[in-house]
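The values are calculated or read from the model by the stated rules, or taken from the named source; none is laboratory data. Just so it is clear, the model here is predicted, and its values are computed rather than measured. Note that each Cβ is placed from the backbone with ideal geometry, even for glycine, and that neighbours are counted across all protein chains shown. Only protein heavy atoms, including side chains, enter the accessible area calculation; ligands, DNA and RNA are left aside. Shrake-Rupley method; radii C 1.70, N 1.55, O 1.52, S 1.80 Å.
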Amino acid sequence: MQFQQLQYFVAVAETRHFTRAAELVHVAQPSLSQQVKALERELGADLFQRARGNITLTDAGEALLPLARRILADTDTARHEVQELAQLRRGRVRLGATPSLCTGLLPDVLRAFHDRYPGIRLLIEEGGSHDLVRQLARGALDLALVVLPLPTPSPALTTVELLREDLVVVSSPDAPRPGNGRRTVRVPDLEGERLVMFRHGYDLRELTVAACRTAGFEPDFAVEGGEMDAVLGFVRAGLGVAVVPRMVATRSGRGLRVTPLARPGLHRTIALAHRSDVAPPRAARELQRMLVER
């Protein structure tokens, strides 16, 4: 049974005339008649009683007509739904990002995307790069903002570098300025400072700890295990200092003292990743374009 056959059948049932039905669906009358006969052969029953100048539905035709109309209506609805999605009126984007990027980079871009495509739902998953890479690989995300280099290089992922972000030291304005009051802080100056440290699996934790060890000392944690908001809150409370992205410090600077790191400083590279074997949905590709061109 073909969609076209049902379309022709409904046209004949509604017009009760093969020639007018053919004109209605823009097909030659012999072709329409052949397709209706093919449908009857497949169903094993006549759908019309054909008398000269009088076309009526058989019992089989009466039974098929509401079903055929429903199938045609559902097909039209499906076409409309796909067109809506293709035109970015509906749909969803599943985006993963590290918590610091949710705080720093994403708000402005997501606001612009939502203003342009209000019908697209944005589903945001926060996590470390390790977790986000795993979720991308199993198809749980369309896109992910990750920190390079990836924890485990994956040939199944495509990455596009977006930015190289400076890290800074944040402290409470009520606490002594780190680095003996200098305008910039070197990583060795963090020796002896109590650090507010992120949880395990956080890219910033690994980067900060590695930098301290490269400088020849083990970092001293005042408190550890927090997410970004918790870390900033602990710093405001004077529990210690933290190394965070400049964008986060700028956005969350109220109640925080921001001290740059002296050259060469610390940096991290942010990239947008997606699976190489599956093209992201149309809406996700549009969000990707806005992130790249921001």
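A few remarks follow.
- Label positions at Val109 and Gln87, each projected 7 Å from the Cα along the C-beta direction, are separated by 2.8 nm.
- Cα long-axis angle, helix 3-15 against the chain (0 to 90 degrees, to the nearest 10): 50 degrees
- Note, ³J(HN,Hα) from phi for the range 31-36, Karplus 6.51, -1.76, 1.60, rounded to Hz, x at Gly and Pro: 5, 4, 4, 5, 5, 5
- Rounded to the nearest 20, the size of the Cβ-charge dipole of the range 202-286 about its Cα centre is 440 debye, with Lys and Arg at +1 and Asp and Glu at -1.
- Trypsin sites (Lys or Arg not before Pro) restricted to the range 76-154 and DSSP loop, no more than 10 other C-beta within 10 Å: Arg138
- The chain - share of DSSP beta bridges that are antiparallel (%, nearest 5): 60 percent
- Taking all protein chains together and a 1.4 Å probe, the residues His26, His114, His200 rank His26, His200, His114 from largest to smallest accessible area.
- The range 175-191 and the range 29-54: distance between their alpha carbon centers, rounded to Å: 89 Å
- For the chain, the residue among Phe18, Ala156, Leu232 whose Cα projects farthest onto the positive side of the dipole built from Cβ charges is Leu232.
- Note on the chain: the alpha carbon radius of gyration divided by the globular reference 2.2 N^0.38 Å gives 1.66.
- Rounded to the nearest 10 Å², the accessible area of Met290 at probe 1.4 Å: 20 Å²
- Each of Gln29 and Ala51 was given a label point 7 Å from its Cα along the Cα-to-Cβ line. The distance between the two points is 2.0 nm.
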